[in-house]
Amino acid sequence: MAGVICETEEGNVLFKAAKGVILASGDCSGNQEMRDYYCPDLRGFKTMSPFRDGMGMITGIWAGAQMTPVNHSKMVHGGGALTRLELPFLNLDIHGERFMNEVLSFAYLNNLMRGYLEEYDFQNPMAAKFFTIMPANWAEIGEQWTAAHPEEVKFGVGNMKIPSEDQFVKGETFAELAANINAYMEAEEWHIDPIDEQAIVASIEAYNELCATGSDGQFGKRADYLVPIEQGPFFAVPRGANSVPAVLGGLTVNENQQCLGAEGAPIEGLFAVGNASGQFYGGVDYPMDVEGLSIGRAITSGYVTGRYVAAL
């Protein structure tokens with residue numbers, strides 16, 4: 001790799017490389033065509049960073065580098081503090097029905113939401129939202145759960161603060177809560193059809209009956225999480241990550257972050273780091289179990305590769 005030609009306001013400029021070119025240009029989550037091809041299961045989710053257009057990866061491809069095969073790992077965890085309130089009470093979908101084992105981490109919830117996005121022809125990312133229904137003593141119960149299961153139950157993930165109750169939908173009765181849920185969706189311009197309020201009430205009552213049995217035959221939630229929604233006023237927390245911060249797949253590289261060609265041989269002088277490079281995340285979803293994993297990898301791979309290339 002002899003260098004890179006860049007387009008500037010003054011025209012095209014050739015930057016000659018003394019030892020190599022390191023692509024540190026980020027991911028392709030803002031490039032809809034690339035996103036649809038390399039991560040098709042993101043259809044319908046909202047793009048958070050349109051400036052991440054994948055041009056660094058495309059530059060590498062022009063030079064003969066290969067992209068990590070489909071399907072790329074992905075981040076779907078936008079939405080702020082409300083989204084990251086991982087308290088496994090009752091979750092109701094946009095039809096007012098329970099749809100999951102509520103212990104599932106918010107980082108993986110996107111895998112349950114594609115059917116709802118399809119209902120709106122993948123044109124409304126708000127279809128991936130839902131409501132967590134909680135009693136008045138939610139914080140007390142949450143603290144007990146957190147003490148017993150700190151890896152499963154969290155008031156906030158990452159640097160998010162605990163949301164305050166004035167951010168929740170509130171109702172003195174189940175019926176009032178149901179009406180206020182619809183009012184909230186309308187006020188926030190979700191463009192989601194109103195939910196049958198009787199369905200919401202019936203779902204909460206059915207959940208309370210299920211909790212009384214001590215066994216979740218519906219979705220298999222453990223008995224110690226089966227706490228009924230009994231003490232009012234009642235709250236509904238609007239949740240559901242529907243935004244994509246990054247697509248986590250890039251150019252295939254070797255142990256020195258050197259890009260590989262079609263036959264797997266390294267391309268002389270061409271390197272990729274951070275989210276411009278691939279093969280780091282093995283799963284379908286970006287794990288939130290290790291905080292700072294993405295930025296840590298970007299910093300480390302950039303530093304190590306810079307030292308390697310400088311020593312050539």
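Some points to look at:
- Annotation: aspartates and glutamates with alpha-carbon distance below 17 angstrom to residue 154 (same-chain offsets under eight excluded): 86, 102, 140, 143, 165, 224, 289, 291.
- Only Lys, Arg (+1) and Asp, Glu (-1) charged, at Cβ; the chain dipole about Cα centre in debye: 1400 debye
- Derived scalar couplings ³J(HN,Hα) [the range 299-312; Karplus, 6.51 cos²θ - 1.76 cosθ + 1.60; whole Hz; x for Gly, Pro]: 5, 5, 5, x, 5, 5, 5, x, 5, 5, 5, 5, 7, 5
- Taking only the alpha carbons of the range 1-138, we obtain Rg and Dmax values of 20.4, 65 Å in that order.
- Of the solvent-accessible surface of the chain, computed with a 1.4 Å probe and all protein chains present, 53% belongs to carbon and sulfur.
- Working note: Karplus 6.51/-1.76/1.60 with θ = phi - 60° gives the range 185-198 the couplings 4, 5, 5, 8, 6, 6, 6, 10, 4, x, 8, 4, 5, 5 Hz, where Gly and Pro are set to x.
- Kirkwood hydrodynamic radius of the chain, from inverse mean 1/r over distinct Cα pairs, in Å: 21.6 Å
- Computed from phi, the 3J(HN,Hα) profile of the range 90-107 under the Karplus parametrisation 6.51, -1.76, 1.60 (θ = phi - 60°) reads 9, 9, 10, 7, 6, 10, x, 10, 5, 9, 6, 7, 6, 7, 4, 4, 4, 5 Hz, with x in place of Gly and Pro.
- Isotropic mean projected area of the C-alpha convex hull, the range 1-56 (nm²): 5.1 nm²
- Shape metrics for the range 66-202, restricted to C-alpha atoms - Rg then Dmax, Å: 16.0, 58
- Since only 173, 141, 233 are under comparison, the one whose Cα sits farthest along the positive direction of the charge dipole of the range 111-261, derived from C-beta charges on Lys, Arg, Asp and Glu, is 141.
- For peptides 264-277, 68-81, sequence by mean Cβ density within 10 Å, most packed first: 264-277, 68-81
- Accessible surface, 1.4 Å probe, highest first, among residues 95, 191: 191, 95
- Per residue, the chain exposes 48 Å² of solvent-accessible protein surface, assessed with a 1.4 angstrom probe and all protein chains in place.
The values are calculated or read from the model by the stated rules, or taken from the named source; none is laboratory data. Since we're looking at a predicted model, the values are computed, not measured. No Cβ is skipped: glycine too gets one built from the backbone with ideal geometry, and neighbour counts run over all protein chains shown. Ligands, DNA and RNA are stripped out before the accessible areas are found, and what is left, the full protein with its side chains, is counted by its heavy atoms. Shrake-Rupley method; radii C 1.70, N 1.55, O 1.52, S 1.80 Å.
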